[in-house]
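Working notes, beginning with the structure itself.
Nothing in this text is a laboratory measurement; each read-out follows from the coordinates by a stated rule. This is a predicted model, so every value here is computed, not measured. Here the Cβ positions follow ideal geometry from the backbone for every residue, glycine too, while neighbour counts run over all protein chains shown.
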Amino acid sequence: MELIMEKTRVCSKCGQTKTLDRFYLPERRVRKDGTHYERPRKVCRDCANARRRQRALDPERRKANASYYHIMKEKDPEKWEYLWGKTARIRKFGLTPKELDDLKKKANGLCQICMRETELVMDHDHKTGRLRGLICGPCNSGLGLLGDQISTLFRAIGYLHDYAGPPVPPKQRRNRRKLPPLTELRQAYERRRKAGHERE
């Protein structure tokens, strides 16, 4: 029996048949027994965005949500933690608290980019919505500001590597950082990417 892949889907909101790229990626969830599963989106992007905008502009709803948020935090901290706290952010990426602890132990408190020992945050891919790893807040912000584009990052490296700038008076002159050639940086990046594919 041949497996028929779904290419289109009917939006439960507008009732139109649309291709899968008009729907958001499946939502990764965790069952109570710890197993993972993916729940397909039934509402198309257009309807989901319109609904989100409508809710965001409703002042009464915003006021009610804000009051419920604070009331729940005082009355039932466990439920608040499940809905909005750290466990909710972990569940968003399809992880369990134990899996997150394992990732922190593996990172050994070091950011994978700047290698500084600091507090780590969860970095995710904005296109797929999936967790990439644990890095520090400044590096996470830097990747986001550069659009998570590898080509942009290489241009930034080339800019730092080659740009000398205007002459500086001797008293204000600082030693220029010595960066490795771009070819070595590209080779290191390819080795790391190949190692990542082998682990998968």
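Things to note:
- Applying the criteria of a DSSP loop state and at most 14 other Cβ atoms within 10 Å to the GluC sites (Glu not before Pro) of region 1-69 yields Glu2, Glu6.
- Dipole check for region 31-84: with +1 at the C-beta of Lys and Arg, -1 at the C-beta of Asp and Glu, and the Cα centre as origin, the magnitude is about 340 Debye.
- Sequence-distant residues sharing a close amide H with His124 (under 5 Å, placed H): Arg132
- Using the Karplus relation 6.51 cos²θ - 1.76 cosθ + 1.60 with θ = phi - 60°, the per-residue 3J(HN,Hα) values for region 19-26 come to 6, 5, 6, 8, 10, 5, 4, x Hz, with x marking Gly and Pro.
- Projected label points at Ala107 and Lys127, each 7 Å from Cα along the beta carbon direction, are separated by 2.3 nanometres.
- Of all lysines in the structure, the ones whose alpha carbon falls short of 16 Å from that of Lys13, not counting any fewer than 8 places away in one chain, are Lys42.
- Dipole of region 31-84, positive direction: furthest Cα of Met72, Cys44, Trp84, with charges on the beta-carbon: Cys44
- Listed cross-link partners Lys32/Lys79; Lys92/Lys127; Lys32/Lys106; Lys73/Lys98 are compared with a 20 Å cut-off, the Cα-Cα value being larger for Lys32/Lys106; Lys73/Lys98.
- Thr8 paired with Ala195, simple spin-label distance in nm, labels 7 Å along Cα-to-beta-carbon: 4.7 nm
- The alpha carbon centroids of region 1-70 and region 96-148 are separated by 26 Å.
- In Hz, Karplus ³J(HN,Hα) per residue of region 99-107 (6.51, -1.76, 1.60; θ = phi - 60°; x = Gly, Pro): 5, 5, 4, 5, 5, 5, 5, 5, 6
- Karplus-derived 3J(HN,Hα) values for region 145-152, using 6.51 cos²θ - 1.76 cosθ + 1.60 with θ = phi - 60°, are 5, 8, x, 6, 9, 5, 4, 5 Hz; glycine and proline are entered as x.
- Peptides 144-157, 41-54 ordered by packing proxy, namely the average of other Cβ atoms within 10 Å per residue, highest first: 41-54, 144-157.
- Rounded, prolate or oblate (a/c below 1.5 giving rounded, otherwise prolate when a/b exceeds b/c) for region 31-84 by Cα gyration tensor: oblate
- Amide proton proximity set for Glu27, modelled H, under 5 Å, gap of 5+: Arg39, Arg41
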